[in-house]
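Contents: one structure, followed by commentary.
The values are calculated or read from the model by the stated rules, or taken from the named source; none is laboratory data. This is a predicted model, so every value here is computed, not measured. FYI the Cβ positions are ideal-geometry reconstructions off the backbone, even for glycines, and counts take in every protein chain you see.
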Amino acid sequence: MSRAALLVLADGRFPAGGHAHSGGAEAAVKAGRITDAASLEDFCRGRLHTAGLVSAALAASAAVGVDVVELDAAADARTPSPALRGAARKLGRQLLRAGRATWPSAELDALARRFPKGAHQPVVLGAVARVAGLGAVDAAYCAAYEGVSGSATAVVRLLGLDPFEATAVLARLAPELDRVADRAVEAALRVVGEGVGALPAASAPLLEISAEVHAAWPVRLFAS
């Protein structure tokens, strides 16, 4: 296992398309729910324990070899918003393109053929992590961290927030991110024996509703 591969996959400069998405932060800023570092921290904490946990468990499950078709269907069932499902598949398609270029493999080629319009991003993330020689915990950390770091970076652009403050938010969330990654791996191990029904289904209705509102905006800075 190469820890350097984890650094490559988790690097914000990895060309996986995440820079174009705010994880719901743009809608939250416009609605007045994010106005400063403290409210950004609250928002990221909520994302981490809901959408972040689900994404981390999906990624960890794919990394241990659970069937990606079943995982993708489970991701669909846990994403009520059509806008978020579409965004997840676009991100999955871009991540798979980057993954195939970085770690060429028959497994990723087969995934591209099976999902020509893209599988859900966390599922692809787990598959790419697996091909890169990484384990379930690595995939879980990547997914969980990406779920909050993207929003923090977006708010720096949206509000002109001091990037030092945004980074401090992520640092304060680190112990909780550890716990979410552990829970995700535990869920993935249950999925191996019990099926995808063992995946967490933590919901974030406001994120889902805001995503639909955001998608209807004629002008927006981020795709989601």
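Of the residues Ala60, Ala38, which single one is assigned to a helix (DSSP H, G or I) and surrounded by fewer than 21 Cβ atoms within 10 Å (Cβ to Cβ)?
Exactly one of Ala60, Ala38 is assigned to a helix (DSSP H, G or I) and surrounded by fewer than 21 Cβ atoms within 10 Å (Cβ to Cβ), namely Ala38.
Please find, among Pro175, Pro104, the residue that is more than 19 Å from Ala201 (Cβ to Cβ), outside any helix (DSSP H, G or I), modelled with pLDDT of 95 or more and more than 15 Å from the chain's Cα centre (by Cα).
Pro104 is the lone residue from the list that is more than 19 Å from Ala201 (Cβ to Cβ), outside any helix (DSSP H, G or I), modelled with pLDDT of 95 or more and more than 15 Å from the chain's Cα centre (by Cα).
Which of the residues belonging to segment 161-206 are over 30 Å from Leu134 (Cα atoms) and buried (at least 21 other Cβ atoms within 10 Å of the Cβ)?
Leu161
What is the residue count in segment 20-41 for residues that are under 16 Å from Thr167 (Cα atoms) and under 18 Å from the mean Cα position of the chain (by Cα)?
4
Test of understanding: among Ala166, Ala129, which residue is assigned to a helix (DSSP H, G or I) and either closer than 24 Å to Gly92 by Cα or touching a Gly at 6+ places or on another chain (Cβ under 6 Å) (or both)?
Only one candidate passes the filter, namely Ala129.
Being of a type in the set (Lys, Arg) and in contact (Cβ under 8 Å) with a residue 60 or more places away in the chain is the filter here; which residues of segment 180-215 pass it?
Hit for segment 180-215 is Arg183, nothing else.
Could you tell me whether any residue of segment 134-156 is charged (D, E, K, R) and over 16 Å from Ala56 (Cβ atoms)?
no
Which one is surrounded by the fewest Cβ atoms within 10 Å (Cβ to Cβ), of the residues in segment 111-132 that are out of contact with any helix residue (DSSP H, G or I) (no Cβ under 6 Å at 6 or more places or on another chain) and not charged (D, E, K, R)?
Pro116
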